[in-house]
1. Taking the range 241-300 as the region of interest, how many residues are hydroxyl-bearing (S, T, Y) and under 20 Å from A101 (Cβ atoms)?
2. For the range 155-180, how many residues meet the condition of being closer than 19 Å to L113 by Cα, within 16 Å of ligand 2 (Cβ to nearest atom) and either more than 14 Å from the chain's Cα centre (by Cα) or acidic (D, E) (or both)?
3. Of all residues in the range 193-208, which are surrounded by 23 or more Cβ atoms within 10 Å (Cβ to Cβ), under 12 Å from V83 (Cβ atoms) and away from ligand 2 (no atom under 16 Å from the Cβ)?
4. Please give the number of the condition V283 fails out of (1) crowded, with 24+ Cβ neighbours inside 10 Å; (2) under 16 Å from the mean Cα position of the chain (by Cα).
5. Within the range 126-141, identify whether any single residue is in the same structural domain as S274 (by TED's automatic domain parsing), within 21 Å of F288 (Cα to Cα), part of a loop (DSSP other than H, G, I, E, B) and touching a helix residue (DSSP H, G or I) at 6+ places or on another chain (Cβ under 7 Å), and answer yes or no.
6. Of the residues in the range 85-123, how many are small (G, A, S) and surrounded by fewer than 24 Cβ atoms within 10 Å (Cβ to Cβ)?
7. All but one of (1) crowded, with 21+ Cβ neighbours inside 10 Å; (2) within 14 Å of ligand 1 (Cβ to nearest atom) hold for S138; which doesn't?
Amino acid sequence: MIIITEAGIPQSTLDELREHLEERGVRTHVSRGTDRVVVGCIGDTSALDAGAVRRWPGVESVVPVRTPYRLASRGFRAAPTLVPLGDASGTVLGGERVIVAAGPCSVENADMLIETARGVREHGAAMLRGGAFKPRTSPWAFQGLGVQGLALLADARAATGLPVVTEVMDPRHVEIVAEHADMLQVGARNMQNYALLAEVGRVRRPVLLKRGLSGTIVELLLAAEHIMARGNEMVVLCERGIRTYETATRNTLDIAAIPVLKRETHLPVIVDPSHAAGRADLVAPLAFAAIAAGADGLIVEVHPRPGEALSDGDQSLTIEAFGEMMRALEPFAAARGRTLSAGARSAKVA
Ligand code: PEP
Ligand code: MN
């Protein structure tokens, strides 16, 4: 149940309403607009008398929630949520500008990271990606540099001004990753790791939540709900391809998920064409399709020498190929009435 108040409802009336609701076993979540207040009821609302709530002084309307997710739903907040990237210029994800995060799959060493960061910034990336803690299918594969990788990401941000997004796999690492990174990535394999979702819900850092390999759209939204229910509403959803019977690509990019999510939720939606494709030659066409379908941004793997990459070299673009993709992406953004992260290109830092 979502309760929308009249403009200027007195605080005391609002407090009494919340007390009434909470006495009946539901948690309340208050969101303030310019003049109205929206109260979301979380939990079992069966003991609530909707008529009594509708007649409450200062209540304008009561909207029943028909979806299992509430805080993430469009009904709860009609306006798009703008998620700050954390850079000095106040760039946001979910606004008019298409945001592109780019960088290596794994942070391998300081030199390759800085070289990539400078390269992608030059071509218009607004954010640097790079994994320090890597979820690898094989225990014998490179597992990432861990905390040392986080320090290198922080150094790359200091050198380039690009905010940094990196994966956190373990609830015990949330604090240290949040100390070094501007955005915490929850990877596809952890979309339903509820202990991790709870922990990233407690920090004041935006979260990039990737869709699980076999996660449905509703399950993705409910995973976002887990984070939001803990108090962190800065969640960005990422479609990164799902497992299907197709073997020509690493995963199958679910393009329809983009307009479905944009209709269902106020949260920003981005696409990872690299993990969807698994092949560098398919990354640009999938990126074009994603932006044409209404995605708010992209996260793309870029390596200065993909042949030498310690992980995901096959799907990594060279810096030059990334530049070509960014140039070709511009008309797709324009067709959706949006601009590409062109600000980063003109603003030369260090
Ligand atoms: C990654 O971004 O490198 C990654 C491991 O992504 P995903 O969780 O989507 O597989
Ligand atoms: Mn990768």
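The values are calculated or read from the model by the stated rules, or taken from the named source; none is laboratory data. As the structure is a prediction and not an experimental result, all values here were calculated from the model. Methodologically, a virtual Cβ is constructed for each residue, glycine included, from the backbone with ideal geometry; neighbour enumeration extends over all protein chains shown.
1. Residues in the range 241-300 being hydroxyl-bearing (S, T, Y) and under 20 Å from A101 (Cβ atoms): 2 in total.
2. 1
3. P206, V207
4. (2)
5. First pass over the range 126-141, keeping only residues in the same structural domain as S274 (by TED's automatic domain parsing): 126-141.
Applying the additional criterion that residues be within 21 Å of F288 (Cα to Cα) yields 126-129.
From the residues that got through so far, the ones that are part of a loop (DSSP other than H, G, I, E, B) too are 126.
When the remaining residues are screened for being touching a helix residue (DSSP H, G or I) at 6+ places or on another chain (Cβ under 7 Å), the result is 126.
Checking the range 126-141: at least one residue is in the same structural domain as S274 (by TED's automatic domain parsing), within 21 Å of F288 (Cα to Cα), part of a loop (DSSP other than H, G, I, E, B) and touching a helix residue (DSSP H, G or I) at 6+ places or on another chain (Cβ under 7 Å).
6. Taking the range 85-123 as the starting set, the residues that turn out to be small (G, A, S) are 86, 88-90, 94-95, 101-103, 106, 110, 117, 119.
Checking which are surrounded by fewer than 24 Cβ atoms within 10 Å (Cβ to Cβ) leaves us with 86, 88-90, 94-95, 110, 119.
Total meeting the criteria: 8.
7. Answer for S138: the failing condition is (1).
To keep it simple, each residue is scored yes or no on (1) away from ligand 1 (no atom under 16 Å from the Cβ); (2) of a type in the set (D, E, K, R); (3) in contact with a Ser or Thr (Cβ under 9 Å, 6 or more places away or on another chain).
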site: R70; (1), (2), (3): yes, yes, no
site: R74; (1), (2), (3): yes, yes, yes
site: S89; (1), (2), (3): yes, no, no
site: A101; (1), (2), (3): no, no, no
site: E115; (1), (2), (3): yes, yes, no
site: H123; (1), (2), (3): yes, no, no
site: A159; (1), (2), (3): yes, no, no
